[in-house]
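In what follows, a single structure is set out as structure tokens and then discussed.
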Amino acid sequence: MSTDLSRLAEEALAAAKAAGAAGADTLAIDSDHVAMALREGTLETAERAQGIELGLRVFVGQRQATVSISDTRSAAIRSMAERAVAMAREAPEDPYCGLADPAQLATERDATALGLAAAAAQPSPEALTETARRTEAAALAVPGVDQVSDVGAATSSMRVHLAASNGFSGGYARTSHQIHCVAIAGTGLEMERDYCVESRMIGADMPEAETVGTQAGERATARLGAKKPPTGAFPVLFDERVANSLIAHLSAAISGAAVARGTSWLKDAMGERVLPATLDLVTDPLTPGLSASRPFDAEGLPTATRKLVEAGVLTSWVLDLASARKLGVAPTGDATRGPSGVPSPSLGNQHLTPGAQNQAAQLAEMGEGLLVTTQLGLPL
């Protein structure tokens, strides 16, 4: 029988009020994660993690504090609230902290249309093991692949519920599935390795295990015979696995927290051109089936699709309530948080204007050039 997260959240809010908090919000998370990994056809690791975490943020005047627990007994919740209020009374004042005005809160709190959770039961550990075995076999079947150093399959499910003393209460469920494989081709000093990772919210949307294994193997063998290229000026094409690291620098620079601190290199660039005029950068938290989709943010504000960069011109920051108040602008519904932390602005789903050609066509057009598939020191 699943735990009633809304009941837990309301109990935590009531405990915070009884302890002397002027306001509070709470985040309850119930999660279940299973991961199976193989090596040479034999099960190497089996992991399962289940638990409920309850986080409480309280306000005493212009001071705030956050405490989280995994013990959901009423006595533990009361103790958490008392500790949080005591901590808040000793915390420094923050003129920008506080809950959203009730008029700012999201009215749409149903995530069903976003397709974030599978209706079918999650796969069993045995099914995940078989998926990993098929993935490994497919990688080893690629000519030139000598071994698979890491292969596995995982699944997780999570329910979240956010409630606050300003009247907000809402929650939703998520599921996720993943297959990963790292293949090694060649021997001795000629060894090369590469990987393939695929993840989806809904298991039915996952590619076949054989597709993941084959892709990992083919990427590894494609590295064999590498040699130093000649010096010169050549066109450069970034593979989709690393291309997102380029736009990540811009995404970090338009975070409201960095802008408010004055540490962003784009802090004075609002309304200025930051990308070529042919490009738009869009944030879309309402795309069905994507991991960062959600009907409301971590402060109960509505999410919406909007252009961050339009025709190359910066048009929006990424804001939570605190950074918006510091900058004197309206929040954008981009707050994220965990049970033990305060909200902070963060981007989820991003869409950059796509080109008219696929990678094969681009490679054919550029002729001799450089295809970048891996970058050292940058996130993949």
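The values are calculated or read from the model by the stated rules, or taken from the named source; none is laboratory data. Just so it is clear, the structure is predicted and the values come from calculations on it, not from any experiment. Every residue, glycine among them, receives a Cβ derived from its backbone with ideal geometry; neighbour counts consider all protein chains shown. Only protein heavy atoms, including side chains, enter the accessible area calculation; ligands, DNA and RNA are left aside. Shrake-Rupley method; radii C 1.70, N 1.55, O 1.52, S 1.80 Å.
Summary of values
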| quantity | calculated |
| --- | --- |
| Single unsatisfied condition, V309 versus (1) at pLDDT 90 or above; (2) not in a strand (DSSP E or B) | (2) |
| Lone unmet requirement of (1) in contact with a helix residue (DSSP H, G or I) (Cβ under 6 Å, 6 or more places away or on another chain); (2) in a strand (DSSP E or B) for Q375 | (2) |
| Check on E82, under 30 Å from T129 (Cβ atoms), in contact (Cβ under 8 Å) with a residue 60 or more places away in the chain and open to solvent by 50 Å² or more (accessible area, probe 1.4 Å) | no |
| Condition check for A269: among the small types (G, A, S) and either exposed (fewer than 12 other Cβ atoms within 10 Å of the Cβ) or outside any loop (DSSP other than H, G, I, E, B) (or both) | no |
| The range 113-136, residues that are open to solvent by 60 Å² or more (accessible area, probe 1.4 Å), over 17 Å from D205 (Cβ atoms) and in contact (Cβ under 8 Å) with a residue 24 or more places away in the chain | R133, R134 |
| Whichever residue in the range 103-135 is touching a Pro at 6+ places or on another chain (Cβ under 7 Å) and among the acidic types (D, E) and, among such residues, is nearest to V151 (Cα to Cα) | D110 |
| Selection status of A361, open to solvent by less than 60 Å² (accessible area, probe 1.4 Å), farther than 30 Å from A65 by Cβ and without any contact (Cβ under 8 Å) to a residue 60 or more places away in the chain | yes |
| Candidate set from the range 34-44 (those that are part of a strand (DSSP E or B) and open to solvent by less than 60 Å² (accessible area, probe 1.4 Å)); member that is farthest from R134 (Cα to Cα) | V34 |
| Residues of the range 276-295 satisfying the condition of being under 13 Å from the mean Cα position of the chain (by Cα) and without any contact (Cβ under 8 Å) to a residue 60 or more places away in the chain | A292 |
| Residue match in the range 329-345 (condition: open to solvent by 50 Å² or more (accessible area, probe 1.4 Å), farther than 29 Å from T26 by Cβ, free of Cβ contacts under 8 Å to residues at least 12 places away in the same chain and more than 21 Å from the chain's Cα centre (by Cα)) | no |
| Selection status of S74, surrounded by 16 or more Cβ atoms within 10 Å (Cβ to Cβ) and more than 26 Å from R294 (Cα to Cα) | no |
| Members of the range 96-109 that are touching a strand residue (DSSP E or B) at 6+ places or on another chain (Cβ under 8 Å) and surrounded by fewer than 19 Cβ atoms within 10 Å (Cβ to Cβ) | G98, T107, E108, R109 |
| Boolean, T26 is more than 30 Å from P125 (Cα to Cα) and not small (G, A, S) | yes |
| Qualifying residue in the range 220-243 (condition: out of contact with any Ser or Thr (no Cβ under 9 Å at 6 or more places or on another chain) and within 24 Å of G115 (Cβ to Cβ)) | yes |
| Wholly enclosed helices (runs of 4 or more DSSP H) of the range 150-263 bearing at least 2 residues surrounded by 20 or more Cβ atoms within 10 Å (Cβ to Cβ) and under 26 Å from the mean Cα position of the chain (by Cα) | 209-222, 256-261 |
